[in-house]
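Scroll down for the structure; my scribbles are underneath it.
The values are calculated or read from the model by the stated rules, or taken from the named source; none is laboratory data. Being a predicted model, the structure only gives us computed values, none of them experimental. Here the Cβ positions follow ideal geometry from the backbone for every residue, glycine too, while neighbour counts run over all protein chains shown.
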Amino acid sequence: MDVETFWELIDAAREASGGDNSKQADLLVNALVPLSLDEIFAFEAIWDDLMDFAYDAALWDAAYIIGCGCGDSGFWDFRAWLVAQGKEVYEKGLADPESLVDLIDVDEQAQEGALLYVVMTAYEQKMGQEIPIREGKVNRPVAQLKGTHWGEENVNLRFPKLAAKFGDCEKRWAKWM
């Protein structure tokens, strides 16, 4: 499994899912199960590297606006959503988080964690048992947040286009509840 194959799997599942994150996760599991364990774990390593690389304060501030708030677990989910959008969106979102303004609908839940469990589910389906704790996972360095948060009171100044589109949180929460 190389990075190009990783993105091909992500793109194929995204396109076939019609934008449904849970369906995309299921499609990725189905694509991984027939692969060797080495390939499944290579997929996981690429996924982990992309998630770590996206551990960025500017992206987190954007996720905060888009999601009407975004804590630690929400940011995990948001980064998983971002990876699941494919290489182009992922790279563009990292380079300029405000570019996501045209890629996310106001009613869309971009803090979607279904994709975080793809490797675990694929392993369990393939092997008929829970995924073991592996030394490489246990000893993986913890990602360090890059950059600086602007704080709740200033985040809208950092990303005014996102704030204009996603700023009416009371109205959006009413739709989500």
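Considering region 101-171, the qualifying helices (runs of 4 or more DSSP H), each wholly inside and each with 1 or more residues that are of a type outside the set (Gly, Ala, Ser), in contact (Cβ under 8 Å) with a residue 40 or more places away in the chain and under 18 Å from Cys70 (Cβ atoms), run over 155-158, 160-166. Tallying residues that are without any contact (Cβ under 8 Å) to a residue 60 or more places away in the chain and part of a loop (DSSP other than H, G, I, E, B) within region 1-33 yields 5. The C-beta contact set for region 52-76 (first residue modelled with pLDDT of 95 or more and surrounded by fewer than 19 Cβ atoms within 10 Å (Cβ to Cβ), second residue among the hydrophobic types (A, V, I, L, M, F, W, C) and not in a helix (DSSP H, G or I), distance under 6 angstrom, 6+ apart or interchain) comprises Asp52/Ala143; Tyr55/Ala143; Tyr55/Leu145; Ala57/Leu145. Scanning region 118-142 for residues that are within 13 Å of Met51 (Cβ to Cβ) and modelled with pLDDT of 90 or more, we see that the one that is surrounded by the most Cβ atoms within 10 Å (Cβ to Cβ) is Val118. Scanning region 90-118 for residues that are within 18 Å of Asp11 (Cα to Cα) and not hydrophobic (A, V, I, L, M, F, W, C) yields Tyr90, Glu91, Lys92, Gly93, Glu112, Gly113, Tyr117.
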